[in-house]
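Step one of this worksheet: look at the structure below.
The values are calculated or read from the model by the stated rules, or taken from the named source; none is laboratory data. Source: prediction; values computed, not measured. Reconstructed Cβ throughout: ideal geometry from the backbone, glycine too, with neighbour counts over all protein chains shown. To get the accessible areas, we keep the full protein, side chains included, count just its heavy atoms, and leave off ligands, DNA and RNA. Shrake-Rupley method; radii C 1.70, N 1.55, O 1.52, S 1.80 Å.
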Amino acid sequence: MSTRLGPAERDAAIARLRDPEHELDVLVIGGGITGTGAALDAVTRGLSTGLVESRDWGFGTSSRSSKLVHGGIRYLEQLNFSLVHEALVERGLLLQRIAPHLVRPVRFLYPITKPVIERVYVGAGMMLYDLFARGGGRRPGVPWHRHLGRRRLARDAPGLRRGVFRGGLSYSDAQVDDARYVAVLARTAASYGAHIASRVRVEGFLKVGERVVGVTARDLQRDEVFEIRAKQVVNATGVWTSELQELVGERATFQVRASKGIHLVVPRDRFRSKYGLLLRTEKSVLFVIPWGRHWLIGTTDTDWELDKAHPAATAADIDYLLGHVNRVLKTPLGRDDVEGVFAGLRPLLAGESDETSKLSREHLVAQPVPGLVMVAGGKWTTYRVMAKDAIDAAADALDGRVPASITEDIPLLGAEGYRAAWNRRSRIARAFGVHPTRIEHLLRRYGSLAHEVLDLIRETPELADPLPGADDYLGAEVVYAASHEGALHLDDVLARRTRISIEAWDRGVSAAPVAAALMAGALGWSAERTRTEVDRYLARVAAERASQREFTDEAADRVRLEAPEPGA
Ligand code: FAD
């Protein structure tokens, strides 16, 4: 079982995808969490499977979420119990079996302002939340909620303004580096034999009568167009669903519209608290989420009809979040405290028709024409269920009996042996002469595959040096991203394999030339190509900063789009 996902593996996958002799059982379009999950689901059922992604693994919404693997406390209030229950079961699976190295518990505070009524009401909700996670004798993987009095709250969250809250409840959910998870999921699918390639864009559908029998795709690295034949094509393109539906040329069975949500990244020392915060706003909720040495603050919810690939956060969005969070902080945050900003688009379902099978309140699977399955909506947390439902629909349409989904029992790469490696972390640190904190960082990102990154350091000790301006990440991680994790451009490494583009004060400007030189070594880039990659990345950062000074979506979008597409 090969676990490497480098340029040679991409070439081999494309050769297999375009081979006219070989028709796939299932071709998945879209390498977000849903499509990548669908590819793993299909290949582990024994189906010959392909997956193409037009940009990078997790490029779309799946790298720009709040990064919570959660049941969603607020859905309880909407009495959407089945959704909460389903998501909490998934949370337990991901935390304990599928990806214990990537998904970890996070503790939140639900502050209260009315001591008796609210405490009883919220306490009942929390009880239900914790019970759902334990349903059927499952281990939840996180501790039970706790009530906190006013004094305890002042001790545990001294950064909160005095007198705003009358105590609260602390409860647990889970969090994940969403982009990293998608890349690991893609690699896992490839290790089971899925033929997967990023930077391959679907540009048309092959049809016999009304039946879809494959797609026309463009390899954006080589600018070559080719055909891929498949018995079933699964469209998992999130907010791009409607564009793909137009390419099919049939009446749409459902529409997906986009709603923008932005997050701010601020240093952890700007606000002292043992917990993250869940705060109520007029329309919804706002999270302040611990994120390594940072806090993530989000999110907003506004319609977005402009560029889908690079949704832009405006100064108004940023001020909205700062205004809300400052209501409860002892020391208010200003724009100068903001290290990073990111914006994502929720794929919201609209206008379902009669043919649509409504599998849950949150996601839909439909078969508008023979040979084509559409899956959209849902949330990151329940990706495995969406993937299973989509492949169930494809399997029903395939000849012969297809086994049921087994992804519940498929740990991602790096999960097996992770806990044992974690327990040995001091010994590993001594053996490689690396500080134990670095080993913990590597284990939390690569699990039991951390030794592959450490082997690079053993061969070339300079790769143990951290990147300029982004001390959390080592040079070896950049090389590994290019050789093993499918990173093809500098942007892939700085924005998704690492999160330097949102975590570093300079958003990766000083890390860019060093990271590009390391990628050049791994991928054989010329000096000119290396320079172009750096220039494009710097242009992206400049355009993002400029767009965040604009006050309207239209102006921010225009400014953001002045930067050329990375890798174009
Ligand atoms: P995407 O990730 O957008 O993937 C679609 C992919 O299709 C893209 O990578 C795109 O490049 C590719 N594509 C498009 N066109 C083509 C083509 N022609 N050819 C090939 N590929 C193509 N959920 C949670 O569970 N927890 C959270 O905390 C959470 N927070 C969120 C916060 C925000 C602000 C937002 C916006 C969403 C949040 N969500 C959360 C929801 C969750 O992020 C999404 O539901 C999920 O990421 C959608 O994944 P997807 O794979 O369907 O879409």
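Here are the numbers for the structure shown:
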| quantity | calculated |
| --- | --- |
| Helices (runs of 4 or more DSSP H) enclosed by segment 433-513 - at least 1 residues per element that are within 19 Å of the chain's Cα centre (by Cα) | 436-446, 475-484, 500-503 |
| Candidate set: segment 192-236, residues that are in a strand (DSSP E or B) and of a type in the set (D, E); chosen: the one nearest to E9 (Cα to Cα) | D219 |
| Segment 234-264 - residue that is of a type in the set (G, A, S) and within 12 Å of the ligand (Cβ to nearest atom) and, of those, surrounded by the most Cβ atoms within 10 Å (Cβ to Cβ) | A236 |
| Count - residues of segment 358-397 that are away from the ligand (no atom under 13 Å from the Cβ) and in contact with a Leu (Cβ under 7 Å, 6 or more places away or on another chain) | 2 |
| Test set (1) away from the ligand (no atom under 14 Å from the Cβ); (2) outside any helix (DSSP H, G or I); (3) hydroxyl-bearing (S, T, Y); (4) closer than 24 Å to G37 by Cβ - S65 fails condition number | (1) |
| Condition met for Y110 (among the aromatic types (F, W, Y), part of a helix (DSSP H, G or I) and open to solvent by 10 Å² or more (accessible area, probe 1.4 Å)) | no |
| Of all residues making up segment 195-206, the number that are open to solvent by 10 Å² or more (accessible area, probe 1.4 Å), within 22 Å of G371 (Cα to Cα) and in contact (Cβ under 8 Å) with a residue 60 or more places away in the chain | 4 |
| Filter result (within 13 Å of the ligand (Cβ to nearest atom), open to solvent by 10 Å² or more (accessible area, probe 1.4 Å) and more than 9 Å from I262 (Cβ to Cβ)) within segment 305-331 | D307, K308, H310 |
| Checking D178 against (1) open to solvent by less than 10 Å² (accessible area, probe 1.4 Å); (2) in contact with a strand residue (DSSP E or B) (Cβ under 7 Å, 6 or more places away or on another chain), the condition it does not meet | (2) |
| Any hit, segment 74-86, residues being crowded, with 20+ Cβ neighbours inside 10 Å, in contact (Cβ under 8 Å) with a residue 60 or more places away in the chain and hydroxyl-bearing (S, T, Y) | no |
| Residue within segment 148-170 that is within 16 Å of the ligand (Cβ to nearest atom), open to solvent by less than 30 Å² (accessible area, probe 1.4 Å) and either of a type in the set (F, W, Y) or within 30 Å of A487 (Cα to Cα) (or both) present | no |
| Checklist (1) touching a Leu at 6+ places or on another chain (Cβ under 7 Å); (2) near the ligand (Cβ under 7 Å from one of its atoms); (3) more than 28 Å from A395 (Cα to Cα) applied to G35, failing item | (3) |
| Some residue of segment 265-282 being open to solvent by less than 10 Å² (accessible area, probe 1.4 Å), within 14 Å of the ligand (Cβ to nearest atom), farther than 26 Å from R166 by Cα and of a type in the set (A, V, I, L, M) | yes |
| Single condition E533 does not satisfy, out of (1) closer than 18 Å to K260 by Cβ; (2) assigned to a helix (DSSP H, G or I) | (1) |
